[in-house]
Amino acid sequence: MTSPMPGAPKKVRPASGRTGVAQVLLRVLLTRLASVAFVLFGAATLAFAGLKLLPGDPVATLLGPQTTASPAVREQIRDEYGFDDPVYAQYIGYLDDLVHLRFGESYQLQRPVADLIADQFAPTAQLAFSAALLSVVVAVVVAVLTAGRRGVGRSAANTVELFAVSTPSFWLGIVLLTVFSFRMRVLPVAGADGFESLVLPTVTLAVPITAVLTQVLRESMESALDEPFALTARARGLSRLGVQVRHVLRHAAIPLATLSGWLTGTLLGGTVLVETVFARPGVGALTLDAVTSRDMPVVMGVVLLAALCFAVISQLVDALYLVIDPRLRKG
């Protein structure tokens, strides 16, 4: 056996397939985590800037409008909370608290903000999830039944969708309360006890969302029906409904997934009104009370929660694209 010549370059073995895939997955994971961190950093910065731009004395907000605290007590509170520190020092301290998961205490309730949000998160998540699920199911069913069709059914669907999009959520909630709670007395007026108390708030929050999703999904399905793959499937003897369910629906779901950011913002914003109308506990009601009383630590905590939800859902939708369209997996 001959030994390699001195100074000859050594052969480098190529990395195995598993190692290459692991590196790609790790790189993608780190990129997505960095994206989430960037969104949270931007939301925290905007929330801090908004807090500093608001007029008024935070000490007066903390003590309440009826307080008769002496100047010495007010000065002590300023020193304790660091209100007299330079803005950059307050900003650095604020970011340091966020990194260590310290969100401060409520000015009004004197409780940690994280505990307040945790106590109210479950009812809001239940309402948002049920409204999103109802919206998607109804939108898919209506879009499949009306896509590519003309006639009375299509015209009726367009009219109902236009009415649903134009109807304010608070007005719809009051109408539903009047009909089903005060007159028919089949559903509770307020509260969050059991399935019955969830029906009217879910419908109120889901109606405008359903109308938009239906319109987008129907237009996407009608465009996909003219694609070669749909025409080929029809030529092979597959029924129109079969083509829509087995082929067209997946192709048309990509624009629907793109609306996830709008859907997240609509659900988070809509819960504030819906929880107020139906007197439900939740993050929406907590936010409204905090804004009314200028309880800024709570408001900033809710802003960060909304940004986290938006960032996480956006990353999940990016992963969902790979499931919907296998062509994106190549390369």
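The values are calculated or read from the model by the stated rules, or taken from the named source; none is laboratory data. Keep in mind it's a predicted model, so treat the numbers as computed, not measured. So basically every Cβ, Gly included, is an ideal-geometry build from the backbone, and we count neighbours across all protein chains shown. Side chains included, ligands, DNA and RNA excluded: accessible areas come from the protein's heavy atoms. Shrake-Rupley method; radii C 1.70, N 1.55, O 1.52, S 1.80 Å.
Basic side chains Lys and Arg get +1 at the Cβ, acidic Asp and Glu get -1 at the Cβ, and with that the dipole of the chain about its Cα centre reaches some 2260 debye.
Our estimate of slack between THR167 and SER35, defined as 0.36 nm per intervening residue step minus the Cα-Cα distance, is 44.0 nm. Test of understanding: in a Gaussian network model of the chain with alpha carbons linked when under 10 Å, which of VAL283, VAL73, VAL299 would top the mean-square fluctuation ranking? Largest GNM mean-square fluctuation: VAL73. Using the average count of surrounding beta-carbon atoms within 10 Å as a protection proxy, the listed peptides 114-126, 193-205, 148-160 rank, highest first, as 193-205, 114-126, 148-160. With the largest listed first and rounded to whole Å, the semi-axes of the equivalent ellipsoid of the stretch 183-329 from the Cα gyration tensor are 39, 21, 11.
A cut-off under 12 angstrom between Cβ atoms defines the neighbours of ARG246, and their net charge, with Lys, Arg +1 and Asp, Glu -1, is +4. Charge tally around LEU116: other residues with Cβ under 11 Å, Lys/Arg +1 each, Asp/Glu -1 each, net -4.
Extension gain for the segment PHE229 to LEU54, taken as residue separation times 0.36 nm less the Cα-Cα distance, is 57.3 nm to one decimal. A simple count of charges around PHE83, restricted to other residues whose Cβ falls under 13 Å of its Cβ and scoring Lys, Arg +1 and Asp, Glu -1, yields -3.
Given ALA72, VAL272, TRP262, which one lies farthest toward the positive end of the charge dipole of the chain, if we put +1 on the Cβ of every Lys and Arg and -1 on the Cβ of every Asp and Glu? Farthest towards the positive pole: TRP262. In this structure the amide hydrogen of GLY191, modeled in the peptide plane, comes within under 5 Å of the amide hydrogens of ARG280, none closer than 5 places in sequence on its chain.
Extending 7 Å from the Cα toward the beta-carbon at both LEU133 and PHE195 defines two label points whose distance is 1.0 nm. With a Förster radius of 56 Å applied to the C-beta separation of ARG154 and THR45, the computed FRET efficiency comes to 0.70. Close amide H partners of GLU105, meaning residues 5 or more places away or on another chain with modelled amide H under 5 Å apart, are VAL113. Under the convention that each Lys and Arg Cβ holds +1 and each Asp and Glu Cβ holds -1, the size of the dipole of the stretch 153-256 around its Cα centre is about 340 debye. The mean accessible area for residues of the chain, using a 1.4 Å probe and ignoring ligands and nucleic acids, is 61 Å² per residue. All C-alpha pair distances within the chain, sorted into 20 Å bins from zero, spread as 23, 44, 25, 7, 1 percent across the bins. The helix-based estimate of mean residue ellipticity at 222 nm for the chain, built from -39,500 (n - 2.57) per DSSP H run of four or more residues and divided by its residue count, is -23500 deg cm²/dmol to the nearest 500.
The mean sequence separation of alpha-carbon pairs under 8 Å and at least six residues apart, normalised by the residue count of the chain, gives a relative contact order of 24 percent. GNM on the chain, alpha-carbon springs under 10 angstrom: the most fluctuating residue among GLY173, GLY191, GLY284 is GLY191. Taking R0 as 51 Å, what FRET efficiency do you get between ILE92 and ALA279 from their Cβ-Cβ distance, rounded to the nearest 0.05? The calculated FRET efficiency here is 0.80.
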